[in-house]
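What follows is a single structure, written as structure tokens, with notes after it.
The values are calculated or read from the model by the stated rules, or taken from the named source; none is laboratory data. Note that this is a predicted model, so its numbers are computed, not measured. Please note: Cβ atoms are built from the backbone with ideal geometry, for glycine as well, and neighbour counts cover all protein chains shown. Calculation scope for accessible area: heavy atoms of the full protein, side chains included, ligands and nucleic acids excluded. Shrake-Rupley method; radii C 1.70, N 1.55, O 1.52, S 1.80 Å.
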Amino acid sequence: MPEANHEQHRRGLRSLVREVAGAVDATGLELMGLLRMVANQVESAVDEHLSVDGLSGPRWALLLRLLVEERRSDQEWASPTHLSRSQSVSKNTISALLRGLEDQGLIERTLDPADKRAFRISLTETGRRLLIASAPGHIAFLNDLASPLTIEERTQLIHLLSKLHRSLPPRERWLESDPEHA
């Protein structure tokens, strides 16, 4: 959408929101809408960029999380529950991501000898090599997506988004307060 049309659309939307919301400040609505649009565009661009390696953004991030866990602890594995929490996704989503990575031969899932009901997830050598080989190009790609912002603006945006993230309740608390959407 050309810039003039985009701004005209935003003004019309603001006018409609003021009409519906009355005196309530609607900047939260505008901010959340922009965050969602940016997140969706970035996710599409990242998925397209990573598709040459047969990955998506969430799968790549999961491989990176497994490498971090492997390097920072004395164990070379993580549980699906830990991965679900660290990636801020549901257990169903983490299961689907893990299944896809396992099918690609990038991770392995083994039974925990201490608890036969639990699994240990670890990188395979193939997964480790793919992640390490793709990291410089992928991180450069992400930096390129942020390149319209100056270094100072990126730092400020990171600070502000981190502040907003810390202020939000954990996902579990949303579901407790609204069981219909659990």
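Observations on the model:
- GNM result for the chain, Cα springs below 10 Å: residue of L145, L157, L98 fluctuating most strongly: L157
- Of [x] 20.3, 62; [y] 16.2, 50; [z] 29.0, 84, the label for Rg and Dmax of the Cα atoms in Å derived from the coordinates: [x]
- Most mobile of R36, R129, R85 in a GNM of the chain (Cα contacts under 10 Å): R36
- Per-residue [θ]222 nm for the chain (sum of -39500 (n - 2.57) over DSSP H runs n ≥ 4, rounded to 500): -22500 deg cm²/dmol
- Separation of segment 132-154 from segment 2-81 is 15 Å, based on Cα centroids.
- Axis angle, to the nearest 10 degrees, between helix 125-145 and the longest C-alpha principal axis of the chain: 20 degrees.
- Accessible carbon and sulfur surface of the chain relative to its total accessible area, %, 1.4 Å: 57
- FRET efficiency for E19 and S86, using Cβ-Cβ distance with R0 set to 45 Å, rounded to 0.05: 0.60
- FRET efficiency estimate (nearest 0.05) - Cβ-Cβ, L111 to R11, R0 45 angstrom: 0.15
- Counting only alpha carbon atoms, the long axis of helix 27-50 and the longest principal axis of the chain meet at about 40°.
- Heavy-atom accessible area with a 1.4 Å probe sorts E102, E152, largest first, into E152, E102.
- At a probe radius of 1.4 angstrom, the accessible area of segment 1-158 per residue rounds to 66 square angstrom.
- Taking E70, E153, E125 as the candidate residues, the one with maximal mean-square fluctuation in a Gaussian network model of the chain, Cα springs under 10 Å, is E153.
- q = 0.12, 0.17, 0.19, 0.24 Å⁻¹, segment 84-156: log10 I(q)/I(0) [Debye, one scatterer per Cα]: -0.52, -0.84, -0.93, -1.11
- Only Lys, Arg (+1) and Asp, Glu (-1) charged, at Cβ; segment 26-182 dipole about Cα centre in debye: 360
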